[in-house]
Structures are given as structure tokens and as C-alpha cells.
1. Restricted to the range 382-426, and to residues that are in contact (Cβ under 8 Å) with a residue 40 or more places away in the chain and among the charged types (D, E, K, R), which residue is surrounded by the most Cβ atoms within 10 Å (Cβ to Cβ)?
2. Residue check: is L452 within 21 Å of V174 (Cα to Cα), in a strand (DSSP E or B) and in the same structural domain as P206 (by TED's automatic domain parsing)?
3. Output the residues belonging to the range 376-389 that are at pLDDT below 75 and touching a Phe, Trp or Tyr at 6+ places or on another chain (Cβ under 7 Å).
4. Here are the criteria: (1) under 30 Å from V455 (Cα atoms); (2) modelled with pLDDT of 90 or more. Tell me which single one P126 does not satisfy.
5. Name the single residue, out of those in the range 194-219 being free of Cβ contacts under 8 Å to residues at least 60 places away in the same chain and in a loop (DSSP other than H, G, I, E, B), that is farthest from V455 (Cα to Cα).
6. Specify the residue that is modelled with the lowest pLDDT; the eligible residues are those in the range 156-182 that are more than 25 Å from P317 (Cβ to Cβ) and surrounded by fewer than 17 Cβ atoms within 10 Å (Cβ to Cβ).
7. Among (1) touching a Ser or Thr at 6+ places or on another chain (Cβ under 9 Å); (2) part of a loop (DSSP other than H, G, I, E, B); (3) surrounded by fewer than 19 Cβ atoms within 10 Å (Cβ to Cβ), where does S443 come up short?
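The values are calculated or read from the model by the stated rules, or taken from the named source; none is laboratory data. These numbers come from a predicted model, not from an experiment. Every residue, glycine as well, gets a Cβ built from its backbone with ideal geometry; the counts of neighbours run over all protein chains shown.
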Amino acid sequence: MTTQKANPTLSYFVPGELLFAFESAAAPSMMARSAADTARSLVSHLESRSLLPDGGFDFGVEKGTRIFRAASLMVDHPDRAGVLLKLKLANPRALPGYLERAVATVANDAARNVAGDAPRLLAVSPNWLAGASQGGIGTGGPGTTPSPAKRAGEFKVSFLSSVPSTSNGVAPDVFVLDTSPPLQETKDGWRIRDAVQDKSAFSAHPLGEALSKPLQPHPNGGLRSADGTLTMIQVDALGPDLFAGLKDIGGHPLYAAHHPAYDMSDHGLFIAGIIRQIAPQARIHLVQVLNEYGVGTLASIAAGFARVARSLQNGKPASPVIVNCSFTLALPLPGEAGNPRRPGHPIAMLDQAMAKLIGTAEYLASVRRLFRALAPFGLDAAQCIVVAAAGNDSSPEAIRPARFPAQADFVLGVGALARPTNGGLSPAQPRAPYSNLADKPQSDGLMVLGDLEGVFTQRFPGNAPNPFGFARWAGTSFATGVVSALIARLCAGQGLTPGQARDYLRNLPQGVTSESEEIVLIEQM
């Protein structure tokens with residue numbers, strides 16, 4: 001087993017990098033312009049608002065500038081479109097002072113009425129680290145480490161038997177923004193580079209069966225399974241150097257309290273397997289926005305949402321769209337910056353001025369507007385839904401609030417119930433001790449089983465062998481996969497829209513937690 005070492009460098013965000021969210025000209029006009037022209041236009045707008053930093057920005061893709069056209073038409077302004085711009089300060093140490101000035105300006109700019117080609121600045125934020133990583137800076141990784149399992153048991157969804165099926169159901173597209181397993185090219189196509197020793201049970205699993213055959217290039221990019229139900233898009237297809245800011249100049253990861261961490265490449269695959277079991281009709285798109293240790297940035301998440309946006313036709317989904325976000329931002333919530341969330345767990349210390357700033361109502365409003373700009377809903381918000389993990393940094397002594405993006409106002413947040421020690425789940429099923437509150441307000445969120453068996457093809461932590469290709473793993477990440485799958489199942493089998501499916505799950509009379517979260521009872525047998 002590799003010995004873990006103390007990490008000399010920790011951070012909450014990529015040093016000096018900022019994301020700006022703009023509302024700009026309507027999509028056809030905007031798309032006709034080059035990315036460089038768009039960036040120049042938006043930087044000129046920052047200059048007009050006196051928002052050029054001391055020392056200026058570092059321009060060029062290799063220095064951190066990037067355009068994310070992550071939203072099509074804006075829900076509130078159908079003649080306008082959302083654009084995200086990433087910029088890097090020439091002097092990273094100037095970020096706290098610059099951000100304070102920018103947040104004060106953005107509140108006024110976001111409230112302006114504009115028309116035509118004139119842009120409007122909606123939000124500004126550091127390029128926060130994001131992920132599902134273990135041993136990170138305090139926002140919680142999976143509730144447990146993966147351990148070998150002989151199978152992935154079938155799911156029992158008893159309440160679906162009382163919902164009449166319909167011929168009007170439509171197979172949904174489920175985008176899993178997450179990690180992606182390593183691939184290798186063979187003469188027959190691409191295969192997952194796995195460590196499974198006995199593939200007999202693995203190949204009988206509905207996702208394992210698809211992965212047992214070579215993946216072929218997809219006309220729209222990425223690779224897809226022979227049956228066409230699984231598409232895998234690696235991070236390189238989303239843009240260059242999206243993971244470049246995750247280490248310091250010495251090669252140390254910015255996000256880990258200790259290094260090396262264990263390989264989490266199959267985190268997204270585990271979730272895809274849950275969805276395939278519960279909603280076999282769904283088309284699954286596994287989009288890599290997190291590295292092999294379960295870490296990305298707000299920018300890599302934006303690139304994943306941009307991929308979702310490109311799948312829409314003129315800003316509108318051809319079928320129900322569910323976006324599974326089993327990760328959290330490293331953004332500290334009000335009142336907790338600089339305070340350990342677990343006893344003895346070292347975390348990065350923020351500049352005092354910045355720690356104060358990110359707890360203000362103005363900054364949190366900016367973050368919410370940024371997530372709204374990320375979402376590629378266009379004018380069909382009812383046909384698209386984002387489902388996100390609440391986070392795993394609670395303890396029996398203190399339940400933490402839902403983290404972003406789960407607590408964003410248009411996102412369905414999900415917390416985790418504990419696996420029963422004997423017998424089936426009940427309306428009084430306790431929450432998992434690691435689970436944060438499901439949403440904000442918590443009554444908007446859902447609580448489902450988060451301790452599950454699923455597909456796992458890599459070696460286990462400590463380089464332990466992988467006998468069967470399955471693991472037992474726990475966390476709000478996997479509870480989120482269950483909720484995404486249930487929504488997909490209701491869309492395909494009962495003809496509901498994602499919004500109707502969400503409301504159906506919220507209104508099930510299956511109990512509530514002591515913190516007023518709705519419980520959805522589902523078992524894995």
C-alpha cells in the first residue's frame with residue numbers, strides 16, 4: 001500500500017482564476033462570432049464597468065482564458081443567451097481585492113435592463129475546485145471507500161407498481177457529469193482498461209454487458225457502446241487543459257490533504273450502472289469533468305454543461321434530459337470558512353477579506369446566477385432537470401447544510417439514507433451519518449439509500465485485486481444516481497416530464513426525516 005504524505009499545498013480554488021457569467025446577444029448572433037471576438041467583446045464590457053484588474057489578465061488559452069457557451073437561450077429573456085468566460089489574473093494575489101470590487105459591481109449590472117447586442121454581467125466567482133474526492137479540503141468525499149462485492153443486487157422500487165404505464169413515455173437522455181475510466185485502443189475498438197479477474201458475473205450486469213464489447217467512435221464525438229445506450233466523452237474532447245490548474249508548480253494536488261489518494265476513475269461508471277439497472281430505457285452519456293481522483297473545477301463543470309447544451313436542438317431538448325451532478329463545490333458556506341469540518345481534518349485557510357466576502361448575500365446571489373447561466377434549459381425547463389449530491393461532510397454530532405450545486409434554486413438536491421442492518425427500509429429509516437441536508441430548504445430535497453453495490457472495474461484502494469467487477473460504496477453521490485434513475489424511469493415508463501417526475505417523488509407518502517426531507521424508499525436486494 002502506498003504511504004500517504006502530508007500535502008504542502010492546499011487551496012479551495014485554482015489560484016488567480018475567475019469565471020464571469022454574461023447575458024449577451026441571442027444565440028444565432030453570438031454563435032456566428034469567433035470565441036476570440038466574443039472574449040474581446042466581453043472583456044471590453046468589463047473595462048466599461050471599471051473591472052479591469054491591477055496588472056491585467058493573462059490572455060490566451062494556454063494562460064487560462066476560455067469561453068464556455070454553456071447556456072442557449074435564457075429562460076427569462078428568450079432573445080438573449082448565456083456565455084461564460086474564464087480569465088486568469090496576471091497577479092493571482094490580487095484576487096481577494098478584485099473579487100470584492102467585482103461582486104459589488106455585478107449586483108448593479110445584473111439588475112440593468114439591456115437589449116440588442118449589449119452584454120450584461122450576471123455573476124463572477126473564483127474557479128472553485130469541485131469534486132467527489134476523498135481526503136479533500138473538507139467538503140466531503142464518498143461516505144466510504146469502495147470494497148469488493150460479488151454482485152450488484154437488483155433494485156426493488158415497489159411504488160412504481162401503482163403508477164400506470166403509458167405508451168407515451170419517451171426514452172430520456174441522462175448526462176452523468178463525473179469521472180471516466182481509463183480506455184485503451186484495440187484492433188476492434190476501444191475498451192475500458194479494467195482489472196476484473198472473473199468477468200462472468202460482470203458481463204451479465206446490464207452495464208457490464210455493454211462494456212464487454214468494444215466501444216466505437218460516436219459521430220458527434222466520444223465513444224459509444226455497441227447497443228448505442230452508453231456514450232463516453234473524455235475530458236480532452238471538452239477542451240484543452242481543463243485539469244491543468246489542479247496542481248501547484250511542484251506537482252502537488254491543490255485539493256488533497258494527503259497524497260496520493262486512491263483512484264476513483266469508476267465513480268461515474270458506478271453511477272451509470274445504477275441508472276442502467278433502474279432505468280434500462282435511458283440513454284446514458286458519461287461526460288468526464290472530474291479527474292481520476294474525483295476532482296475538477298467550476299470550469300470543467302461548465303464544459304460538461306456546455307456538452308449538454310450542444311446536444312439540444314435550437315436550445316430545446318428532443319427528449320427528457322436529466323443531468324446527474326454527483327459532486328460538490330469546495331465553496332465554503334457562510335460561517336464555516338477556516339473552521340475544520342471534521343476533527344483533525346486540515347483544510348485550506350482563506351484570505352480573511354475573501355472569507356468574509358463569500359459569506360455575503362451579494363456573493364451567494366452571484367453564485368446562484370452563475371449556476372442558472374450554466375444550465376442549458378433554454379425555453380423548455382420542464383423537460384430538463386439537474387440532480388445533485390448534497391455532500392458527505394456531516395457527522396453524528398453535526399449535520400452540514402447542502403452544498404452547491406445541490407442548494408442552487410433550480411437543482412434537486414439529494415441526501416443519503418443508511419442501509420438497514422436487518423429487514424427492509426422503513427419510513428423511519430435513519431440518515432447516513434455522513435449525509436448533509438438534502439437541499440436548501442431541506443424540505444425541497446429527497447433522501448434515498450446511498451449505500452449500494454455497483455459496477456467497479458479498477459483495482460481497489462491499496463492496490464487490492466478486483467475479483468468480480470463490483471464494489472460496495474456509499475455516499476450522497478450514489479443516492480443522487482438513484483434519484484436520476486427514478487426520474488428517467490418515470491419519464492420512459494409513465495410519460496412524465498422530468499419536472500413532473502420530481503414532483504411525483506416529492507409527494508410520495510413514504511415518510512420524512514426529522515429534518516423534514518422527503519424519503520423515497522428503494523431497496524437493493
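1. Once the filter is applied, the top-ranked residue is R403.
2. Answer is yes for this residue.
3. Within the range 376-389, P376 is the sole residue that qualifies.
4. Of (1) under 30 Å from V455 (Cα atoms); (2) modelled with pLDDT of 90 or more, only one is false for P126: (1).
5. P219
6. Only one residue tops the list, namely S162.
7. (2)
Okay, residues lined up against (1) assigned to a helix (DSSP H, G or I); (2) out of contact with any Phe, Trp or Tyr (no Cβ under 6 Å at 6 or more places or on another chain); (3) surrounded by fewer than 24 Cβ atoms within 10 Å (Cβ to Cβ); (4) touching a residue at least 24 places away in the same chain (Cβ under 8 Å):
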position: F468; (1), (2), (3), (4): no, yes, yes, yes
position: A479; (1), (2), (3), (4): yes, yes, no, yes
position: A492; (1), (2), (3), (4): yes, yes, yes, yes
position: E515; (1), (2), (3), (4): no, yes, yes, yes
